Amino acid sequence: YADLMAERVLGDRCFSGENAALLAKQYARYDWPIRRLLENAGPIEVHEYPLAQSVITFLEHQDPRAFLGFVRGLKEGRGTSESLADNYSGMTLTDCEARWRSWAATAALSTP
């Protein structure tokens, strides 16, 4: 989420959105899995930041209010699966990955 906010604040001076878009499109194109990233409750690796940014951008794009509820649920200690389902009409991790993949293949992921 921090990279998404940096992109919004810094605009053209920040390339995290472009990096996220490029990596997400490659994951979508080659059908590389993101399930481990979605299930991981711990810190992510530095090379996973652009991918994580694309997933966060996708979730926020789907429904900003649901995204806030999703983050609130995580902060309250709910797991990713539970918070996702609670805030996105029962969306599962499998649903999330499939919808993200479809969106990532065509969306312009960088944000102004």
**Fill in**
Only one of R8, R72 is in contact with a helix residue (DSSP H, G or I) (Cβ under 9 Å, 6 or more places away or on another chain), at pLDDT 90 or above and open to solvent by 40 Å² or more (accessible area, probe 1.4 Å), namely R72
**Matching residues in region 33-59 - criterion: being open to solvent by 30 Å² or more (accessible area, probe 1.4 Å) and at pLDDT 85 or above** = I56
**Complete:** Pairs returned, first residue in region 82-107 that is open to solvent by 50 Å² or more (accessible area, probe 1.4 Å), second residue that is assigned to a loop (DSSP other than H, G, I, E, B), beta-carbon separation under 8 angstrom, 6 or more apart or interchain, are D86/R78; R99/M91
**Matching residues, region 24-53, being without any contact (Cβ under 8 Å) to a residue 12 or more places away in the chain and either assigned to a helix (DSSP H, G or I) or in contact with a strand residue (DSSP E or B) (Cβ under 6 Å, 6 or more places away or on another chain) (or both)** = Q26, Y30, R36, V46, H47, E48
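The values are calculated or read from the model by the stated rules, or taken from the named source; none is laboratory data. Everything quoted here is computed from the prediction, not taken from an experiment. So basically every Cβ, Gly included, is an ideal-geometry build from the backbone, and we count neighbours across all protein chains shown. For accessibility, only protein heavy atoms count, side chains too; no ligands or nucleic acids. Shrake-Rupley method; radii C 1.70, N 1.55, O 1.52, S 1.80 Å.
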